[in-house]
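For reference, the structure discussed in these notes is given below.
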Amino acid sequence: MKKFNILIAGGGSTYTPGIVAMLADHNDQFPIGEIKLYDDLAERQEPIGEACKIMLQEKNPDIKFSYTTDPKEAFTNIDFCMAHIRVGLYAMREQDEKIPLKYGVVGQETCGPGGLAYGLRSIPGVIELVDYMEKYSPDAWMLNYSNPAAIVAEATRRLRPNSKIINICDMPIAIETIFAEILKLDSRKDMNVRYYGLNHFGWWTDITDKQGNDLMPKLKEFVSENGYALETEDFQHKHPSWQATFKKAKDLYALDPETMPNTYLKYYFYPDYEVEHSDPNFTRANEVMESREKEVFETARKIVEAGTAVGTEFHAGAHATFIVDLASAIAFNTMERMLLIVPNNGAIANFPKDAMVEVPCLVGKNGPEPLSMGEIPTFQKGLMEQQVAVEKLVVEAYIEGSYQKLWQALTLSKTVPSAKVAKDILDELIVANKDFWPELN
Ligand code: NAD
Ligand code: LMR
């Protein structure tokens, strides 16, 4: 049986060890010949690389493993590139979150002005990875988690329309895991879902079990009282800030009791509440730096010092499962149904063809085939048209080096109250991003 070679780009990411562990543990379902890590920052990647080497040696010594900062070595002879880079690292995420908050505007990694700033940094980073892949392994697929996924997806659609890249997000998977718990199912895979939206901006319309029975009434009863608040062991979403987000789903649901909302909609529906409940001196970037980032690098250090990974665990949650499931669906042409970010092309009947939307797709060796979600209601259509215009303007601003279009994008964002505030935030973001953004005229 063919064995697959995997490159993880953003080797120093806090999510890398979880994906490596997941690949090693699922080798019977998805046989692996080689795993390589690639990062442009050697000192960040090295501790993770050394720990993964020890862990893999113990879990499955037949899998060849290496890590490198050399693109040719990394991208040669691979079948899949699983990408999750963070251009500018957590230091820049902190700026993305704190600068808008100074002006009383939502400060968030992917939503509002912070997300647009991150988008302009991510576009060249992801495009560079696509180009390396096409140069050294032209038949490979890139499965991309790098955020902000909506803007990155629009940029790859515009700049590399024929490339084999699929942009993905783990948030719907995490929320579906909560649905399964609420419904007392063993797994989110026991449900069939219909969903439409943009990345971090969507709604579930139907949820049935595998026999086709409607599960929405039971879910609605729970969510109208509790939102998505459940005790969760989920590594990625265990912090109090995420617990508050899951509770807030109750207020998102109230706006349209026929659907289940993506949690990121809180930044667009309740931006005033979000700003009031943010600490401008300690944002989510600080929370992650003090928790997940510290914990992952500490675990890596312990493994390297001890020379063994036995008794030490890297967490591998829904995030890792989803990307491995996607690679298997392509490798074995399973036509599994998965939520992916794809060009609309009629999947949402009353929405522009050239918008990048998040909808269920059947996935096989030729990539995703989007399923038809029909027409969507005025409320969601209006919101999505505004947001997709913001995302398109950011990509146009990047391509044309246009200050004007970026100012328009910020002004159009539902999170920003006026063109004046948009300009003040933009001017400060330009200074903070001087090492990353194209020159804007
Ligand atoms: P991280 O900072 O821990 O890791 C990112 C790594 O990327 C770093 O080691 C960095 O050196 C490297 N990097 C940056 N620019 C690079 C480039 N141009 N080429 C190669 N490597 C580069 O970040 P993290 O918290 O682990 O997150 C990684 C990415 O995954 C982020 O974009 C994050 O937003 C995204 N993410 C996405 C989802 C999703 O569902 N879409 C979920 C979680 C995280
Ligand atoms: C979050 O803020 O939880 C997400 O962006 C994922 C992460 O990096 O923690």
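Annotations for the structure displayed:
- For the listed peptides 51-59, 91-99, a ranking on the average number of other beta carbons within 10 Å per residue, highest first, reads 91-99, 51-59.
- Cross-link partners of K414 among aspartates and glutamates, defined as those whose alpha carbon lies under 13 angstrom from its own and excluding same-chain residues fewer than eight positions apart: D272, E385, E391.
- Across the stretch 31-87 the C-alpha pair distances fall into 5 Å bins from zero in the proportions 4, 18, 28, 26, 19, 4, 1 percent.
- Charging the Cβ of each Asp and Glu at -1 and of each Lys and Arg at +1, and nothing else, the dipole of the chain about its Cα centre rounds to 640 debye.
- Taking all protein chains into account, the per residue accessible area for the stretch 51-90 stands at 44 Å² (1.4 Å probe).
- The chain - share of DSSP beta bridges that are antiparallel (%, nearest 5): 50 percent
- Partner lysines for K365 [C-alpha distance under 22 Å; skip if fewer than 8 residues away on the same chain]: K2, K3, K135, K164, K189
- Per residue, the convex hull volume that the Cα atoms of the chain enclose (Å³): 136 Å³
- Estimated 222 nm signal from helices in the chain, with DSSP H stretches of n ≥ 4 weighted -39500 (n - 2.57), rounded to 500: -15000 deg cm²/dmol
- The stretch 1-37 and the stretch 363-431: distance between their alpha carbon centers, rounded to Å: 33 Å
- Cα gyration tensor category, rounded, prolate or oblate, for the stretch 1-137 with a/c compared to 1.5: prolate
- Calculated SAXS-style log₁₀ I(q)/I(0) at q = 0.17, 0.18, 0.19 Å⁻¹ - the stretch 356-441, Debye, Cα scatterers: -0.80, -0.84, -0.88
- Most to least packed among 149-162, 202-215 [average Cβ atoms within 10 Å]: 149-162, 202-215
- Each Cα pair under 8 Å and six or more residues apart adds its sequence gap; the mean of these over the residue count of the stretch 291-441 is a relative contact order of 13 percent.
- Of the solvent-accessible surface of the stretch 170-314, computed with a 1.4 Å probe and all protein chains present, 49% belongs to carbon and sulfur.
- Per residue, the stretch 123-257 exposes 41 Å² of solvent-accessible protein surface, assessed with a 1.4 angstrom probe and all protein chains in place.
- If the chain linking D279 and R160 were pulled fully straight, counting 0.36 nm for each residue of separation and taking away their Cα-Cα distance, it would gain 38.9 nm.
- Accessible surface of the stretch 20-161, 1.4 Å probe, proportion on carbon and sulfur as whole %: 45 percent
- Entries in K210/K238; K353/K381; K210/K250; K98/K381 that, when Cα-Cα distance is taken, lie over 22 Å: K210/K238; K210/K250; K98/K381
- Anisotropy class of the stretch 276-346 from Cα gyration tensor, a/c 1.5 cut: oblate
- Computed over the stretch 120-240: relative contact order in percent, which uses C-alpha pairs under 8 Å that are six or more apart: 17 percent
- Across the chain, the relative contact order, built from alpha-carbon pairs under 8 Å that are at least six residues apart, equals 17 percent.
- Tensor-based shape of the stretch 323-403 (alpha-carbon gyration tensor, a/c under 1.5 rounded, otherwise prolate or oblate): oblate
The values are calculated or read from the model by the stated rules, or taken from the named source; none is laboratory data. Bear in mind that the values here come from a model prediction, so they are computed numbers and not experimental data. Here Cβ is always computed from backbone atoms with ideal geometry, including for glycine, and neighbour counts include all displayed protein chains. Accessible surface is based on the protein model in full, side chains and every heavy atom, while ligands, DNA and RNA are left aside. Shrake-Rupley method; radii C 1.70, N 1.55, O 1.52, S 1.80 Å.
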